[in-house]
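The structure appears below as structure tokens.
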Amino acid sequence: MAYNIEEMKNAHKLLTEMKYDVGSVDKGYTNRTLYINLSENKIESKPVTEEVKEKFIGGRGFGLYYLWNAVNENTKWNDPENEVIISSGPIGGITQYPGTGKSLVVSLSPLTGVPIDSNVGGYFGPYLKFSGWDALELQGKAEKDVIIYIDGDNGRISIEEAPLEETDSHLIAEHLTEMYSDSDYGKRNISVVSAGKGAENSHVGLLNFSFWDLKRKALRIKQAGRGGIGTVFRDKKVKAIVVKYSNTKGDSNKPADRNKVVELGIKLHKEIHDLDDKQNRMRKTGTAYLTEIMNDYDLLPTNNFKFGSHPDAHKISSKEFSKWFQLSGSDGCWFGCTLACCKVVPDFEVLTGPYKGQKVVVDGPEYETVAAVGSNCGIFDSQYVLESNFYCDTYGVDTISVGNITGFCMDCYEEGILDKEKTGGLELTFGNKDAALELLHQMARGEGFGKIAGLGVRKLKALFVKEYGADAEFLDDIGMENKGLEYSMYMPKESLAQQGGYALTNKGPQHDEAWLIFMDMVNNQIPTFEDKAEALFYFPIFRTWFGLVGLCKLPWNDVVPADNHTRENAQNVPEHQENYVQMFTAITGRKMENADLINQSAPVYHFQRVFNFRMGYGSRENDSAPTRSIGPATLEEYLSREERYDKQLKEIVGIDPTEMKAEDKFQAMRKFRRDQYNQLCDSVYARRGWTKNAVPTLETLKQWGIDFTEVVDVVKKHL
Amino acid sequence: MIKVNGKNVDWNEGMTIETVLEKCNYTYPSIVVSVNGTVIHKDKYSTTVINDGDDVKVIHMVAGG
């Protein structure tokens, strides 16, 4: 189909604009944020105070701070006062060190009702900063579909009605890139944030952040995937946000000590060059290498997290996807990233749906997508995974949630809770890729069974109980969601620490907070409750830091120095942590010690837990974990690992399983696992300085300097 | 019997680090192996004999995901 870019542009109607002095970054900050209210057609500049920078740093911290000030305790995700906030952080946008293109996006989630923070690579965050803004706040709702254009070259921001543009991201991002660029080369200076029709018609919408791939002359997109932020975006009737900035230079972030930044960058580039091929091969396979590893270690979610491996897993291994990938030698998602984990499949012929027969660029797949739409649905077909990847991206829906929801529906179908009549003819059995794809298309169109599937696992459980008389306890056992967010793709069943790493999070079960499976289950490095509690204090808080400053986590630990294993606390990758401490000082001029990786992050982390309480969902009951995440939820699962579980009953629980009936062994293990999880909660809360009901104590608020009146007022209600 | 990461694993005559890794299905590329506290280089996995009662640590250098 031919698209007339000129016609689209001419159909724009200017609603309001603001001209401004672009100014310059000063040691990682512009010291102002851009506030846009779509209900009032208002565009404003707001100053950033030193106190906010000190306490909230940037990125996720800024997002949570601005969101707290925007909403009240009764605000729902689709109320106009909910905001979408995009911010990178003081380190974001440098070009000398791998992984510095990250932005954090924050909003109240349609799935959980509490703040979701979702990280995304790509050019938008840095360009937004260089255009003059530490963060973008988007509030209110437009009357009709609009685009927002931030022209960082000329210091102008506009809100324009945009009636003709398609919403699906692979189209709108390319069209707007064409529309606003001055030349083919200039397309590199444009980044577009968008979400497709799937985001409008489901609660699992994501945001796509685009950039132009000069070598391939093609649009590429990265995702702020989790939590339904794309749904909020489309509910506000925003089709896209476009930023244009043409003057990116090596010192655009204006660091205090540029030589140090360069020195640290060269060191990591050399490490990647020398070691990546011997370690995780990120440059060649990206995160897809994890598929075969997870399968070997019985950690690959299979059939709605029932199992951890499958004999056909090799069909969706990195070896299979490598046959599809086109490596260009410079596939990073921001200037200077030599880890370059993004992978591209060009000229992929679409087999189904509205773009059937067209050749498209597929960005990915990441491991999470492979596991979610693949093994978790019992489907082991690389072409199908790529098809699903493409459509999830362009429709603007989260592959993790889509795969989790689909796997859950398949499980319910095989259990007889659903049938063809209820699914409108979709035979949702594990392994049925045609049904899985049709479900995705329906989700995007907001039609049929797909329309309700797109509401997420938590709402599906309630609906199946109410409408079909399903057993609520059974659905709670097998529905892999916590706080309303679907679990990401690591099987936590055999790792008590990872069970906590998922369910004791603030945002919901996204592994971004803690990924402790190997430390716990394989290395056995944190055997006691105290060890696990320490890890569940340290890692969620340390990992928060990346999202405050604009950094990707992958260069932290997907490549490690050759002598890393000789260092104390090797799992922290101490040399890279030292790099970060030096980098922060080199950019901002602020002195930083290693302990500040915790000291800077802990205030934001605890603030986020208080925010959850403010919205009504902070307490211990919201940290409960589905049985399937902590152990066998069905007899079938027990029997699939009978030898292992029998041994555990004998050696750990102190029960001799020899004469026991299978059902009795299963129930004994189930009770044991539940008791263990409850004990873990007690240990972790105590270590974090929270009460037994997960409330940060007044002492904790004071310790981390967040004992602001409003924060204390929320906490006092729950003590 | 030997210990691998603190857990009991059956020992048999002629076991090497390489066979321990195969037995445990430890396929992750970035690992550090020590036997009774001594780190063993990758080049010596197939020739380092594991004796009954040995304490083997196979630390997978991954904290990400």
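Listing for the model above:
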item: So A:Gly230, is it away from chain B (no Cβ under 14 Å), out of contact with any Phe, Trp or Tyr (no Cβ under 9 Å at 6 or more places or on another chain), buried (at least 18 other Cβ atoms within 10 Å of the Cβ) and outside any strand (DSSP E or B); result: yes
item: Selection within the stretch A:549-599 - part of a loop (DSSP other than H, G, I, E, B), within 14 Å of chain B (Cβ to nearest Cβ) and aliphatic (A, V, I, L, M); result: A:Leu551, A:Val559, A:Val560, A:Ala562, A:Val573
item: Of all residues in the stretch B:28-48 being charged (D, E, K, R) and more than 10 Å from every other protein chain (Cβ to nearest Cβ), the one that is surrounded by the fewest Cβ atoms within 10 Å (Cβ to Cβ); result: B:Asp43
item: Those residues of the stretch A:547-575 which are farther than 14 Å from B:Val62 by Cα and surrounded by 21 or more Cβ atoms within 10 Å (Cβ to Cβ), in sequence order; result: A:Gly547, A:Leu548, A:Val549, A:Gly550, A:Leu551, A:Cys552
item: Criterion violated by A:Asn208 - all others in (1) in a loop (DSSP other than H, G, I, E, B); (2) in contact with a Ser or Thr (Cβ under 9 Å, 6 or more places away or on another chain); (3) of a type in the set (S, T, N, Q) satisfied; result: (1)
item: Enumeration of residues in the stretch B:46-65 that are within 10 Å of the chain's Cα centre (by Cα), among the hydrophobic types (A, V, I, L, M, F, W, C), farther than 30 Å from A:Glu368 by Cα and part of a strand (DSSP E or B); result: B:Val56
item: Residue pairs meeting the criteria (Cβ under 6 Å; at least 6 apart or on separate chains; first acidic (Asp, Glu), in the stretch A:116-128; second modelled with pLDDT of 95 or more and assigned to a strand (DSSP E or B)); result: A:Asp117/A:Leu104; A:Asp117/A:Val106
item: Top-ranked residue in the stretch B:27-45 [being touching a residue at least 12 places away in the same chain (Cβ under 8 Å) and over 9 Å from the mean Cα position of the chain (by Cα); ranked as nearest to A:Val560 (Cα to Cα)]; result: B:Ser30
item: Candidates B:Asn25, B:Asn12, B:Asn51 - the one that is within 25 Å of A:Lys647 (Cα to Cα) and within 12 Å of another protein chain (Cβ to nearest Cβ); result: B:Asn25
item: Residues being of a type outside the set (D, E, K, R) and assigned to a loop (DSSP other than H, G, I, E, B) - total across the stretch B:6-45; result: 15
item: Hey, A:Gly132 surrounded by 22 or more Cβ atoms within 10 Å (Cβ to Cβ), outside any helix (DSSP H, G or I) and modelled with pLDDT of 95 or more or not; result: yes
item: Members of the stretch A:164-180 that are among the β-branched types (Val, Ile, Thr), assigned to a helix (DSSP H, G or I) and surrounded by fewer than 24 Cβ atoms within 10 Å (Cβ to Cβ); result: A:Thr177
item: Qualifying residue in the stretch A:522-538 (condition: assigned to a helix (DSSP H, G or I), within 13 Å of chain B (Cβ to nearest Cβ) and modelled with pLDDT under 95); result: yes
item: Filtered residues of the stretch A:59-80 (kept if aromatic (Phe, Trp, Tyr) and in contact with an Asp or Glu (Cβ under 9 Å, 6 or more places away or on another chain)); result: A:Phe62, A:Tyr66, A:Trp68, A:Trp77
item: Among residues of the stretch A:363-383, those that are in contact with a Leu (Cβ under 7 Å, 6 or more places away or on another chain) and assigned to a helix (DSSP H, G or I), counted; result: 3
item: Matching entry among A:Lys244, A:Lys239, A:Lys249 (being farther than 28 Å from A:Leu516 by Cβ, more than 14 Å from every other protein chain (Cβ to nearest Cβ) and surrounded by fewer than 18 Cβ atoms within 10 Å (Cβ to Cβ)); result: A:Lys249
item: Qualifying residue in the stretch A:340-360 (condition: closer than 30 Å to A:Gly250 by Cβ and surrounded by fewer than 18 Cβ atoms within 10 Å (Cβ to Cβ)); result: yes
item: Residue within the stretch A:609-624 that is farther than 28 Å from A:Val711 by Cα and either under 21 Å from the mean Cα position of the chain (by Cα) or assigned to a helix (DSSP H, G or I) (or both) present; result: no
item: Matching option when the condition is within 14 Å of chain B (Cβ to nearest Cβ) and either assigned to a strand (DSSP E or B) or at pLDDT below 95 (or both), among A:Leu275, A:Leu219; result: A:Leu275
item: So A:Ile652, is it within 14 Å of chain B (Cβ to nearest Cβ) and either touching a residue at least 60 places away in the same chain (Cβ under 8 Å) or over 30 Å from A:Phe546 (Cβ atoms) (or both); result: yes
item: Residue in the stretch A:304-314 that is in a helix (DSSP H, G or I), away from chain B (no Cβ under 13 Å), among the acidic types (Asp, Glu) and in contact with a helix residue (DSSP H, G or I) (Cβ under 9 Å, 6 or more places away or on another chain) present; result: no
item: Yes/no for A:Val262 being away from chain B (no Cβ under 14 Å), aliphatic (A, V, I, L, M) and within 30 Å of A:Asp79 (Cα to Cα); result: no
item: Residues of the stretch A:278-303 that turn out to be of a type in the set (A, V, I, L, M, F, W, C) and away from every other protein chain (no Cβ under 12 Å), as a count; result: 2
item: Test: residue in the stretch A:348-362 that is of a type in the set (Gly, Ala, Ser) and outside any loop (DSSP other than H, G, I, E, B); result: yes
item: Residue that is buried (at least 24 other Cβ atoms within 10 Å of the Cβ) and under 16 Å from the mean Cα position of the chain (by Cα), where the choices are A:Cys392, A:Cys409; result: A:Cys392
item: Residues located in the stretch A:674-711, provided they are in contact with a Pro (Cβ under 8 Å, 6 or more places away or on another chain) and assigned to a helix (DSSP H, G or I); result: A:Arg688
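The values are calculated or read from the model by the stated rules, or taken from the named source; none is laboratory data. Just so it is clear, the structure is predicted and the values come from calculations on it, not from any experiment. Methodologically, a virtual Cβ is constructed for each residue, glycine included, from the backbone with ideal geometry; neighbour enumeration extends over all protein chains shown.
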